[in-house]
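Read-outs throughout are calculated quantities, based only on the coordinates presented, and are distinct from any laboratory measurement. Worth saying up front: this structure is predicted, and the values here are computed from it rather than measured. Note that each Cβ is placed from the backbone with ideal geometry, even for glycine, and that neighbours are counted across all protein chains shown.
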Amino acid sequence: MAKSQKVETRLIHADHEFADDHIGPAISVSTTFRYPEIGGGEWRHVATGWDNLRPNRHFYSRETVATSTRVEKILGDLHGGYALIYSALKAESQVLVHLDPKRIALRDGYSGFHHIVGDYRRINPSLKVIDLDDELCSGDLIWLETPLNPTGEVRLERA
């Protein structure tokens, strides 16, 4: 989506590639979805041709569902990159393992994540923890939690 468009327009249309005839995605309470059938009773592996950034279907709710996929698209567009919507400490720890940052900028927030960072530093002691207001370097992981747990404070940050 063009950055020259107003924020209001981008908020409405940034997820257009996932839109169907619904105004917004349905909220699904399902945790798993049907695997695709090739035909003749044969099933293909669900990850064949899978693209996390542009999923063409959903297979497990901790990976993608329509609501989180569309929110990630909108937030990523607004910030000129990618966004990740998650829940559960498993997802948070996997972000650290996958990205293997040299520094992480964070402040306050869910104590469970601070414990995950502490555990991660035991296996990667070179990880430096800095404040969100510190000068950032290329490759830094910015961990912005909003609304803030447990206070509910909403942070409005500029990209």
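Pull out a ≥ b ≥ c, the square roots of the eigenvalues of the alpha-carbon gyration tensor of segment 64-159, then state rounded if a/c is under 1.5, prolate if not and a/b is larger than b/c, and oblate in the remaining case. Rounded is the answer for segment 64-159, as its axis ratio a/c remains below 1.5. Amide H to amide H, with H built 1.01 Å from N, ILE142 comes under 5 Å of ALA105, counting only residues 5 or more places away or on other chains.
Legend: residue pairs LYS6/LYS73; LYS6/LYS102; LYS90/LYS128, Cα-Cα distance threshold 28 Å; pairs beyond threshold, LYS6/LYS102. Which is farthest toward the positive dipole end of segment 66-159 among GLY139, LEU96, SER111, measuring Cα position about the Cα centre, with Cβ charges +1 (Lys, Arg) and -1 (Asp, Glu)? So the residue furthest toward the plus end is LEU96. Per-residue extension of 0.36 nm, minus the Cα-Cα distance of ALA83 and ASP119, leaves a gain of 10.6 nm for this segment. Neighbours of SER126 by Cβ distance under 14 Å: Lys/Arg scored +1, Asp/Glu scored -1, total +3. Between the amide H of LYS128 and those of ARG103, ILE104, distances stay under 5 Å, these residues lying 5 or more places away or on another chain, with hydrogens modeled in the peptide plane.
Derived scalar couplings between HN and Hα for segment 102-119 equal 7, 9, 10, 9, 7, 8, 6, x, 4, 4, x, 5, 5, 5, 4, 4, x, 5 Hz in order, rounded to whole Hz, by the Karplus curve 6.51 cos²θ - 1.76 cosθ + 1.60 (θ = phi - 60°), x for Gly and Pro.
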